Structure formats: C-alpha cells, structure tokens
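Values in this text are rule-based calculations from the coordinates and carry no lab data. The structure presented is a predicted model; accordingly, all values stated were derived computationally and were not measured. Ideal geometry is used to build each Cβ from the backbone, glycine not excepted, and the neighbour counts take in all protein chains shown.
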Amino acid sequence: MKLAGLAAIGAAAAIAFAAPAHADPDTDFANELHTFGIYGQKDYNAWIGKIMCKRLHNGVDHNAQDSVGFVKKQLDKDSTDAQSWQFLGTAINYYCPDQRFVYEQAAT
C-alpha cells in the first residue's frame, strides 16, 4: 500500500512539473498579429507567412522590401505599410527565424 501511495505521489509530481504544452504556432502568430491590428482568418494569415518565408528561402523575394510588397498585396486593402512590416517581422519570428537577417538588413 505504501508503494502504491509513493507511485501516486510520483505520478502527481511528474504531471505538476511537466512542461506546459505549447499552443499551436499559427494561433500564437494570429494573436501577435492582433496586437498590431492585423486581423483575418488565422489559417490564411499563417499561410501567407509561410509562403513569404518560402519566397525568401527560394530567392523569389531578394530582400525585406520585396517581401513587404508581397505581404501588402495579401493583407486587407486598408492595411498600412507599418502593418506589412510588422507582419513580416512576426512571420519571420514564427516561421523562418533563419531569415531574420533579411529583416535586420532592412533596418540598417
């Protein structure tokens, strides 16, 4: 009986100290976009972010300005240039952090 009690305590401790499950990155991405006033369907915005990354990886967009142009065409017509840049930075953080240098080069 003592052994069963210890096992139950051990199981409870393992559950209590387990790392929390991470939310869906697309949901986190959408939530961050909302802080910039960028709304729309979560799946659509995630798709645009992933395509933007693919365009950077494949050399379709040669720099951040090219990517912002692509993003701006995909966002709501009332979106600002600042929101397009915010989308770019957020998408890079979530979907292609290896392309962060593209964003940083634009800042210099």
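Quick look at the numbers
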item: Other-chain or far-sequence residues with amide H under 5 Å of Asp61's (modelled H); result: Leu56
item: Equivalent ellipsoid, the stretch 23-105 (semi-axes from 5 times Cα gyration tensor eigenvalues, Å); result: 18, 14, 11
item: Rounded FRET efficiency, nearest 0.05, which uses the C-beta distance separating Thr80 from Asn58 and R0 of 35 Å; result: 0.80
item: Using a Förster distance of 35 Å, the FRET efficiency for Glu104-His34 (Cβ separation, nearest 0.05); result: 0.90
